[in-house]
Amino acid sequence: METFAQSLVSGVLTGALYAMIGIGLTVVFGVMKIINLAHGEMVMLGMFGAFWGQALWHLDPFVSLVVWTPLMFVVGMLTYRFLLRKIIPGGELNTLLYTAGLSLLIANVALFVWKGDYRTISLSYGMTPVRPFGIAIAVPLAIAFGLAIAITVALWLFLSRTNLGRAIRATSQNPEAATLMGVDVERVAVVTFGLGTALAGAAGVLLAPSLYLYPTVGELLLVKCFVIVVLGGLGSVPGAIAGGILLGVVESLGAVYVSATYKDGIGFVLFLAVLLYRPSGLFGVGK
Amino acid sequence: MKRLVLRSLAAIGVLAAATAMAQPIKIGAPQPMTGPDAPFGDKFKKAYGMAIEEINAAGGVNGRKLEIVIEDHQAKNQLAATVAEKLITQEKVLVMTGGRASGQAMEIASVSQRLKTPYLVDHPSADMITTKGFEWVFRNNPTGSIYPAAFQDFITNYPAAMPKSAAVVYDNTLFGKTIGGAAIKILKAKGVNVVADEAYPVNTLDFKPTMTKVKGTNPDYVLLVAVATTDAILLTRHAKEMGLTPRAFVGFGGGFGVADYATQLGPLAENVFSSAAWSGNPNDPKTKAFYDKFHAKYGIWPHEHEVEGYSAIYILADALKRAKLTGNLDADRDAIRKALLATDMVTVFGKVKFGNWTGPTGDPFTNQNVYSPEHSVMAQWKAGQLLNVWPKAFAETALTFPEPVKK
Amino acid sequence: MKLARRFLPALLGVAALAAIPLVVKNSFFLHVCILVLMWTVLGAAWNVLGGFAGQVSFGHAALFAVGAYTTIILYLKGGLAPWWGIPLGGLAAAVVSLPIGFLCFRLRGPYFSLSTLAVAEIVKLVALNWESVTAGSVGYLITSLPPLSILGASVNWEGKVPFYVAAAILTVIALAATGWLRSSRIGAYLVAIRENEDAAEAVGIDTVRTKALTFALSAFLAGMGGGFYAFYFRYVDPDAVAGIGLSMEMVFIAVVGGLGTVGGPLVGAVFLTAVAELVRERFQAGHLIFYGLFMMLVIRYMPEGIWGRVRKIIDGKKGGS
C-alpha cells in the first residue's frame, strides 16, 4: 500500500512537469496546426539557462524563472518571425521536416558549445526529501510542481480573460471564423509561438534541478511530449495536463508493477490505443 | 562533387604512398569526437597524446616517431566501420586501437579482422569482442563479465560480508546486462537470495518507482549497474530518497567512479562502494607518478579511460619495437600481430599478456589479457574521494562496512 | 522515340553504376559508393510512401530492423545465405507492414506520423527485450560469409566489389519499382490521395487498399535495405538498426533529393553522404550542425528538393514537356 501511494505521488509530481512541456506543444499546434519537432530543444535551452544561472551568477534555478521565461518568449517570437513564417504556407510536411532540421541544428550547436557532458544542478535544500505520511517527496520536485500549477493557472487566466488570449483560443477553434471576426492571425501566431516556447523553457527550468541535462536531452523529452499531447487530444490545454499526469502515473506504476524495462513501452501502447480508438484524445476534449 | 571527392582521395593516396621508412609509424584510433559521447573521445585523445609525446621525446620506436590518427565516429556503428576502413585503407595505419563503446568496437574489430590489421581494444568491454575467435583483435582491459570479480572476492573473504539477500538493478544495455547477469550468477552460486532483479532503460528520468519496489523487498545489499553517469547519480539519489538502508550499496560502471558522482550527490555518495572499471593500482609508484604527471599536464585526474588509452600506446610501442618492420604494409601488420602475441609487460594499467582462456561465464576468449581477473577492485566514496578498499593488496584506506545507521 | 527517351536515362544510369567498380580501384571510395547506394534504397523506400502517397512516416527504422534481423537470424541460425536472406528480409518487412498499416492508416496527417514513431519505438523495445530471438542488446555478429562462386570464380568477401554489386542491384530494383509506381495506375491513385484523400475516396478509389499496397512496397524496399546492412556491416543490435535517427535520415534523403521523384533519393544520398564526409573532414567539430542547417536551407529555398529543382529547370527549358 505504501509502495502504491509512493509511486502514485511520484507519478503525479513528475507528470505535472511532463504536462507543462506538453502544453507548449499543444498550444502551438492548436493555433498553427504545426508540430514543432524543435520543442524538446527549447526545453533543453531552459534547462541550460537554469544551470548557467546557478553556475555563473549563483541564481537559484527557481528564481531564474523570471529571467528565462520572458527571454524564451522572445526567442520563440524571433524563431517564428525569421525562421518559420515563410515555411508554414509550404504545407504541413515541409514545416514538420523544417523543424526537424531546426532541432538537429540547435541540439548540435549546443553540443558544440557546451560539450556532451551530463550536468546536474544540486541545491542545498534538495538533498533530503520531506516525508509527509511516510511518503518521500523531493523538495525541488515539490517546488517545481507548485510553480507548474501557478504557471498553468496564469496561462489559463491569460487565455480566458485577455483579448489576445481570447483571440488565440478563437483562432485555435476556427481560424476562418477568427479572421472574419477581425483577429490579426499573424500577430496571434507570433504570440502563440512565443508562448509555446516560453512554456517549454519554463518547463526546462523547473525540470533541471530534478533531472540532469545534456545537449541532446530534447529528443527524449519530445517523444514523451508526443505521447502526452496525443493522450489528451492535440490542441487541447486541459487535455495536455491530464495526459501529462496520466503518463507520469502510468510510467510510475508500470515501473513498479510490471517492469522498468517496459515502462516506455506501456506509454507507447497506450499512445497507439488512444490514437486509434479515441483520436480526439482520451477525454474527448480535443477536436 | 564527385570530382572533389576523387581529388581529395587521390591526394591522400599520394601522401600515403610517400610514407617511407623514415616516416612516423601511424596508429589509427576511431573515437567519438563529436556527438553525445564526445567527452570520452576527448579523454582518449589526451591520453594518447601524452603517451606519444613521451615516447617520441625518448627517441621514438627504433628511431621512428609514433603518430596517432584519430577519426570521429560519433558513437554510430555505421560510421565506426567507415572510419576504420578509411584508417586502414587510406591512412594506411599499421595498427588500430580505440573504439570507446562496444557497438562501435564490434564494427572496428570486424573490419580489422577482414583487412588483417591488428586492433588493440583499450576500453570497450563487451565479452563478444574477444569471444568470436578474431585472431587480429587483442584486448588489454577486462570484459564486462570480469568486472564483479573483486565483489565476489569481497563477499567471500571479508568477515561477515556474505549478503543475506540482494537486490540487483541494472540498465538493459549490453554493458548493464552483462554485469548484472554476472553479479546475479555469483550471488546465486553463493546461495544468496536475489530478492529484486530489475532492468531499466538507459537514461531513465525517474527511479523512484523502481526504488520503492526494491525497498519493499528489504534487501541486505543493493547492487546498482549503470553505463551512464546520469543513471548512476539518479539511481543513488532516488534510492536514498526512498529510504533504502541496506548494509551496502555497490555500484558497477564508470558513472559510480567519476568526480561528478560525488559533487552532485554530496553526502549521499558517502560510503557507496564503486566496483568501477580498473584504472591501475594506485599503490604502484609508477602508476601514481603517471596520475601526477597527467594531472600536472591537463589539470584533471586520470580515470580508467585515460589510464587505458595511455597504456594502449605503450603496449603498441612495445610490440612495434619487437616487430621487424620492412615497409611492406601487409607483412608489417602481420609482424605486429605476432609481436603482440608475445607481449609480456607491465604498464600503468597493470600486467599484460594476451592469451586464449575461458572466461567466468564459460566463453572462450581469444587474445584477451590473461591478467584481467586481477584488474577488478572495489573502491568506496569517503568525503568526496574515491579510495580503493578491496582487495587488500590494492587498498588505499580501510573500508567502512556495514554502512553505519544514521540516527 | 518516346520509349527511348524514357529509358535512355535509366540505361545510362545502369551503365554508370556498372562502370564504377571497373574504373575505381580505391576500396574506401567504393565503400562510400556502397553507402550512397544503400541510402538511395532507403530513401527510395521512404519516398514511395512519403513522397508519392504523402504519408510521412517517422518509423521506417522499424521495417529496416525487421529486414536486418530476418537476414542475420536466417543466416546465423538457419544457415541461409544472405543473398536469399535479403529478399526474405524485404518480404518479412512487407508482411509486418500490413498490421502496422492497418492500425496507422486509420489516422491522417501528423497523427499518422506520430503513430509510426510510436510503432518504431515499440519495435525497438521488442528487439531489445525479446532475447531468445533477437539476442537483445548483445546483438548478432557475422564472422564469416558462406563461400559463393559465380561462373566458376569464387567470390572474395574481403573485397568491396561483391557488396557493391549487391547494393547496385538493390538500387536498380528500388528505382525501377518507384519508376513503375509513378507510371502505373496506382501511382495515379496515390497522387489523388496525396492531393485530397476525401475526394479520392469519393471518386471510388479504395484508398485503404492503395495505401496498404504502397506501404508494403515501401516496407519491402526498406527491409531489403536492412538486410543489406546486416550483410555488409555484419553486426546488428537494436541501437544500430532501430533508432529514431535512422528513420529521420531516410526522411532527410528523400526530402533533400526531391519528394515524389524517381531520381531524388539517389541525388539526396550522394549529396548528404558526400557532404557529410567532406564536412566531417574539414570541420571535425559538429558536422551535424551543417546537416541540420542544410536541411533547413533546402526546405526554405528548394522545397521540391535538388532533383525536383533540376527537373523543373530542364522541363522549363523544353517548354514544359
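The values are calculated or read from the model by the stated rules, or taken from the named source; none is laboratory data. Note that the coordinates shown come from a computational prediction; the quantities given were computed from them, not determined experimentally. Ideal geometry is used to build each Cβ from the backbone, glycine not excepted, and the neighbour counts take in all protein chains shown. For accessibility, only protein heavy atoms count, side chains too; no ligands or nucleic acids. Shrake-Rupley method; radii C 1.70, N 1.55, O 1.52, S 1.80 Å.
Put a dot 7 Å past the Cα of C:GLU201, heading toward its Cβ, do the same for B:ASP197, and the two dots end up 5.0 nm apart.
Between the helical axis of A:185-207 and the longest alpha-carbon principal axis of chain A there is an angle of about 10 degrees. The solvent-accessible area of A:ASP60, taken with every protein chain present and a 1.4 Å probe, is close to 50 Å².
I'd like to know which of A:GLY116, A:PHE4, A:LEU37 lies farthest towards the positive end of the charge dipole of the stretch A:1-140, counting +1 on Cβ of Lys and Arg and -1 on Cβ of Asp and Glu. Result: A:LEU37, furthest along the dipole toward the positive end. Rolling a 1.4 Å probe across all protein chains gives C:ARG194 an accessible area of roughly 100 Å². Dipole magnitude for the stretch C:1-124: about 320 debye, using +1 per Lys or Arg Cβ and -1 per Asp or Glu Cβ, origin at the Cα centre. Per the accessible-area calculation with a 1.4 Å probe, the total area buried between chain B and chain C rounds to 3400 Å².
Model label points for A:ALA150 and B:ASN283, set 7 angstrom from Cα along the Cα-to-Cβ axis, are 5.6 nm apart. Simple point charges give the picture: +1 on the Cβ of Lys and Arg, -1 on the Cβ of Asp and Glu, and for the stretch A:168-287 a dipole about the Cα centre of about 200 debye. Grab the beta carbon distance between B:LYS116 and C:ALA18, set R0 = 25 Å, and tell me the FRET efficiency rounded to 0.05. E(calc), rounded to 0.05, equals 0.30.
Listed by chain and number, the lysines placed with their C-alpha closer than 17 angstrom to that of B:LYS208 are A:LYS263, B:LYS240; residues fewer than eight positions away on the same chain are left out. The portion of the accessible surface of the protein assembly as shown made up by carbon and sulfur, rounded to a whole percent, is 65 (1.4 Å probe; DNA, RNA and ligands excluded). Pairs over the 22 Å Cα-Cα cut-off, from the set B:LYS26/B:LYS286; B:LYS92/C:LYS25; A:LYS115/B:LYS86; B:LYS321/B:LYS351; A:LYS224/B:LYS177: B:LYS26/B:LYS286; A:LYS115/B:LYS86; A:LYS224/B:LYS177.
Placing unit charges on the Cβ atoms only, positive for Lys and Arg and negative for Asp and Glu, gives chain B a dipole magnitude near 340 debye about its Cα centre. I need the shape label for the stretch A:66-220. Rule: rounded when a/c is under 1.5, else prolate if a/b > b/c, else oblate, with a, b, c from the alpha carbon gyration tensor. Oblate shape, in that a/c is at least 1.5 and b/c is the bigger or equal ratio. Would you mind counting up the charge near A:GLY182? Only other residues with Cβ under 14 Å from its Cβ, with Lys and Arg at +1 and Asp and Glu at -1. Surrounding charge for A:GLY182 is -1.
Mean projection of the Cα convex hull over all viewing directions, computed for chain C: 18.5 nm².
Within straight-line reach of B:LYS324, meaning a Cα separation under 16 Å, sit the following aspartates and glutamates at least 8 residues removed in sequence or on another chain: B:ASP332, B:ASP334. The mean sequence separation of alpha-carbon pairs under 8 Å and at least six residues apart, normalised by the residue count of the stretch C:13-125, gives a relative contact order of 28 percent. The order of the peptides C:17-27, C:180-190 by mean Cβ neighbours within 10 Å, most packed first, is C:180-190, C:17-27.
Spin-label model, B:THR358/A:SER124: points 7 Å from Cα along the beta carbon direction are separated by 6.0 nm.
Ranking B:ILE336, B:THR210, B:MET33 by Cα position along the charge dipole of chain B, where only Lys, Arg, Asp and Glu carry charges on their C-beta atoms, puts B:ILE336 farthest toward the positive end.
Across all directions, the shadow cast by the convex hull of chain B built on its C-alpha atoms averages 20.2 square nanometres. Within the shell of other residues whose beta carbon sits under 13 angstrom from the beta carbon of B:VAL258, the net charge comes to -3, with Lys and Arg scored +1 and Asp and Glu -1. Ligands, DNA and RNA are left out, and with a 1.4 angstrom probe the accessible area of the stretch A:72-138 is 46 Å² per residue.
Using C-alpha pairs below 8 Å separated by at least 6 residues, the relative contact order for chain B is 16 percent.
Solvent-accessible surface (1.4 Å probe) assigned to A:ASP264 amounts to roughly 50 Å².
Cross-link partners of B:LYS185 among aspartates and glutamates, defined as those whose alpha carbon lies under 20 angstrom from its own and excluding same-chain residues fewer than eight positions apart: B:ASP127, B:ASP153, B:ASP171, B:ASP197, B:GLU198, B:ASP220, B:ASP363, B:GLU374, C:GLU131.
Around B:PRO118, with a cut-off of 11 angstrom between Cβ atoms, what is the net charge of the other residues, counting Lys and Arg +1 and Asp and Glu -1? Net charge in that neighbourhood comes out at +1. Accessible surface computed residue by residue for the stretch B:111-153, with neighbouring protein chains in place and a 1.4 Å probe, gives 18 Å² per residue.
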